[in-house]
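Novice: Below you'll find the structure I mean.
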Amino acid sequence: MKIIAINGSHRKGKNTAVLLRAVLDEAGLYGASTELLELTDFSIKYCTSCNKCLGKSQCSIADDDMTIIAEKLLEADGIILGSPVYFSNVTALMKNFMDRTRWMYISKSLLAGKIGAAVTIAGLRNGGQDVALHILQNFLVANNLQIAKARDNDSPISFPGVIGTLQAGFKDGQIVWYKSVEEDEIAMQACKKLGESMCKLINYRT
Ligand SMILES: Cc1cc2nc3c(=O)[nH]c(=O)nc-3n(C[C@H](O)[C@H](O)[C@H](O)COP(=O)(O)O)c2cc1C
């Protein structure tokens, strides 16, 4: 069982990576082999809208790192996407990654049947996480992945995905910030549940 995480953060190893790592670590306890891919480590050109993928499951751009990532996506049983919220949206890195996967879905749905999940983090408590999460999950649904929720079937507590924040609260009219999303206990718990749910769904499917 292989689960990969794709981090769309422009800051390697920071809050989005912390959430993704927490999901992967929990999945590891359930027997998954895991890998975290930081998109900042890869050179990914923009989709040129050449539309050649409409006729053939292949991208006309073959001289960048998307070929490496594509191979890992195709091999994985589970795919987690993570993005910080940038203006109530995903990052440009994440969006560019999504566009370049078009050949894997447009003429043949090559990622269909895998298990997908999404995590987001914003500075503010209501900083646009819902919208970013929806964008990530919508991409997974478009690719015919089954979305794992952060829940187990024996519990009434369910999150559609992981929503992290750096806002601990307010004091004297000022925002009080967490130093890291690791202090956001709800998000960290949701990460664990998500790792567990992904593994259970993968095992159930196979
Ligand atoms: C360009 C930009 C736009 C941002 N937009 C939002 C926003 O709309 N809402 C919000 O609460 N935080 C926003 N943030 C804050 C980030 O979501 C937050 O710092 C997040 O932790 C970054 O994740 P990282 O630690 O993985 O880089 C923005 C940050 C940047 C750089």
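A quick yes/no check of all residues on (1) of a type in the set (Gly, Ala, Ser); (2) in a helix (DSSP H, G or I); (3) within 11 Å of the ligand (Cβ to nearest atom):
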position: SER83; (1), (2), (3): yes, no, yes
position: ARG125; (1), (2), (3): no, no, yes
position: HIS134; (1), (2), (3): no, yes, no
position: PHE139; (1), (2), (3): no, yes, no
position: GLY164; (1), (2), (3): yes, no, yes
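Novice: Report yes if some residue within the stretch 88-110 is open to solvent by 50 Å² or more (accessible area, probe 1.4 Å), within 30 Å of GLN167 (Cα to Cα) and either free of Cβ contacts under 8 Å to residues at least 40 places away in the same chain or outside any loop (DSSP other than H, G, I, E, B) (or both); otherwise report no.
Specialist: Yes, there is a match, as at least one residue in the stretch 88-110 is open to solvent by 50 Å² or more (accessible area, probe 1.4 Å), within 30 Å of GLN167 (Cα to Cα) and either free of Cβ contacts under 8 Å to residues at least 40 places away in the same chain or outside any loop (DSSP other than H, G, I, E, B) (or both).
Novice: In addition: Where residues in the stretch 112-123 are more than 16 Å from the ligand (Cβ to nearest atom) and crowded, with 19+ Cβ neighbours inside 10 Å, which of them is farthest from the chain's Cα centre (by Cα)?
Specialist: Just the residues of the stretch 112-123 that are more than 16 Å from the ligand (Cβ to nearest atom), to begin with: 112-117.
Among the residues that remain, those that are also crowded, with 19+ Cβ neighbours inside 10 Å are: 114-117.
On the way: LYS114: 13, ILE115: 11, GLY116: 8, ALA117: 6 Å.
Top of the filtered list is LYS114.
Novice: Identify all residues within the stretch 1-19 that are surrounded by fewer than 18 Cβ atoms within 10 Å (Cβ to Cβ) and small (Gly, Ala, Ser); write none if there are none.
Specialist: GLY13
Novice: Please state which one of CYS50, CYS59 is of a type in the set (A, V, I, L, M, F, W, C) and free of Cβ contacts under 8 Å to residues at least 12 places away in the same chain.
Specialist: Within the list CYS50, CYS59, the selection yields CYS50.
Novice: Can I ask one more? Looking only at residues in the stretch 166-186 that are at negative phi and in a loop (DSSP other than H, G, I, E, B), which one is nearest to the ligand (Cβ to nearest atom)? Can you show your working first?
Specialist: Keep residues of the stretch 166-186 that are at negative phi, which gives 166-168, 170-171, 174-186.
Now drop any that are not in a loop (DSSP other than H, G, I, E, B), which leaves 166, 178-180, 184.
Working: LEU166: 6, TYR178: 10, LYS179: 11, SER180: 8, ASP184: 10 Å.
That would be LEU166.
Novice: Does THR101 satisfy being touching a strand residue (DSSP E or B) at 6+ places or on another chain (Cβ under 6 Å) and β-branched (Val, Ile, Thr)?
Specialist: No: the conditions fail for THR101.
Novice: Still on this model: From ALA32, ALA22, ALA27, ALA76, which residue is touching a residue at least 40 places away in the same chain (Cβ under 8 Å), buried (at least 17 other Cβ atoms within 10 Å of the Cβ) and within 16 Å of the ligand (Cβ to nearest atom)?
Specialist: ALA22
Novice: When the stretch 134-176 is examined, which residues are found to be open to solvent by less than 50 Å² (accessible area, probe 1.4 Å), farther than 16 Å from THR16 by Cα and of a type in the set (Ser, Thr, Tyr)?
Specialist: SER155 - this is the single residue of the stretch 134-176 that is open to solvent by less than 50 Å² (accessible area, probe 1.4 Å), farther than 16 Å from THR16 by Cα and of a type in the set (Ser, Thr, Tyr).
Novice: Among the residues of the stretch 56-69, which ones are open to solvent by 70 Å² or more (accessible area, probe 1.4 Å) and either out of contact with any helix residue (DSSP H, G or I) (no Cβ under 9 Å at 6 or more places or on another chain) or of a type in the set (A, V, I, L, M, F, W, C) (or both)?
Specialist: Selection gives ALA62, ASP63, ILE68.
The values are calculated or read from the model by the stated rules, or taken from the named source; none is laboratory data. Computed from a predicted structure; not experimentally measured. Backbone-built Cβ (ideal geometry, glycine too); neighbour counts: all protein chains shown. Accessible surface areas use protein heavy atoms only, side chains included; no ligands, DNA or RNA. Shrake-Rupley method; radii C 1.70, N 1.55, O 1.52, S 1.80 Å.
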